[in-house]
Amino acid sequence: MQFRLANIDDINPLVDLLCILFAQEHEFTPNPQAQATALKKIINHPNIGQIMLASKNGTITGMVSLLYTFSTALGGKVCLLEDLVVAPQLRNQQIGTQLINYAIDTAKAAGCRRITLLTDSDNLAGQRFYQRCGFTP
């Protein structure tokens, strides 16, 4: 498994992954055009955020995004972690954990002082996963 930052050539497989993710979410509906527009904006403006991906044999198998902002409480750069998704047939192989670790390292390298994420209140499996990765409610 390889992990790297996404580039503009990765848009289509990333949109496919986001469609899988948003089909599972209560409040979102997949919209490939909207997802492609947002991904392009983030990839072309790394000061907004970064998209990290996992790939195997040249096929993108997972992704996670970091979106950057500033905290008045901390007086510095912080980020939101969003859109963690792994291809369904490859789940439970530690790819998500490895993507989270890569995102944490990327956030630290970018000078972030905090990473914030949200999960649905009924997503108990997701909440347990993030706690195992070191996040706290």
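The values are calculated or read from the model by the stated rules, or taken from the named source; none is laboratory data. Owing to the predicted nature of the structure, the values given are computational and were not obtained by experimental measurement. Because the Cβ atoms are built from the backbone with ideal geometry, glycine has one as well, and the counts that use them run over all protein chains shown. We work out accessible area using only protein heavy atoms, side chains counted, and drop any ligands, DNA or RNA first. Shrake-Rupley method; radii C 1.70, N 1.55, O 1.52, S 1.80 Å.
So the values come out like this:
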item: Inter-residue pairs, beta-carbon under 8 Å, first more than 12 Å from L39 (Cα to Cα) and in the range 1-21, second of a type in the set (F, W, Y) and part of a helix (DSSP H, G or I), 6+ apart; result: F3/Y102
item: Of all residues in the range 1-59 being among the polar types (S, T, N, Q) and under 19 Å from C79 (Cβ atoms), the one that is least open to solvent (accessible area, probe 1.4 Å); result: Q50
item: Qualifying residue in the range 74-91 (condition: without any contact (Cβ under 8 Å) to a residue 40 or more places away in the chain and assigned to a helix (DSSP H, G or I)); result: yes
item: Residue among T119, T29, T106 that is part of a loop (DSSP other than H, G, I, E, B) and under 13 Å from the mean Cα position of the chain (by Cα); result: T119
item: Among residues of the range 106-122, those that are β-branched (V, I, T) and within 9 Å of V78 (Cα to Cα), counted; result: 2
item: Members of the range 86-137 found to be aliphatic (A, V, I, L, M), more than 19 Å from G49 (Cβ to Cβ) and touching a helix residue (DSSP H, G or I) at 6+ places or on another chain (Cβ under 9 Å), listed by number; result: V86, A87
item: Number of positions in the range 83-116 that are surrounded by fewer than 17 Cβ atoms within 10 Å (Cβ to Cβ), under 19 Å from E25 (Cα atoms) and either at pLDDT 95 or above or of a type in the set (G, A, S) (or both); result: 1
